[in-house]
């Protein structure tokens with residue numbers, strides 16, 4: 001039991017050490033300044049709800065078709081038939097145990 005606790009004082013001393021300053025390692029961290037101001041959400045939502053807003057459905061239908069074609073191509077077999085049959089056969093362990 002005491003042998004397991006021997007590294008504990010060393011670990012406790014390491015925990016008391018001061019952490020190195022990250023700001024010193026990254027140039028320009030102090031000069032970044034304040035965060036940008038947030039834009040009000042009301043005007044953005046009002047512009048989106050206008051009757052003259054473009055309908056995204058025609059533009060998205062082409063993307064949907066392309067993604068469906070890509071998904072159909074990915075549904076095919078991953079391995080060629082001979083490789084799949086060889087893997088399905090498993091490993092013959094008889095030569096290992098004479």
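The values are calculated or read from the model by the stated rules, or taken from the named source; none is laboratory data. Given the structure is predicted, the values throughout are model-derived calculations rather than measurements. Don't worry about glycine lacking a Cβ; one is built from the backbone with ideal geometry, like all the others, and counts go over all protein chains shown.
For segment 14-57, the set of residues classified as part of a helix (DSSP H, G or I) and either modelled with pLDDT under 80 or in contact with a strand residue (DSSP E or B) (Cβ under 7 Å, 6 or more places away or on another chain) (or both) consists of 14, 15, 22, 23, 24, 25, 48, listed by residue number.
Residue pairs whose Cβ atoms lie under 8 Å apart, sitting 6 or more positions apart in sequence or on different chains, and linking a residue in segment 24-46 that is loosely packed, with under 10 Cβ neighbours inside 10 Å to a partner that is at pLDDT below 75, are 30/23.
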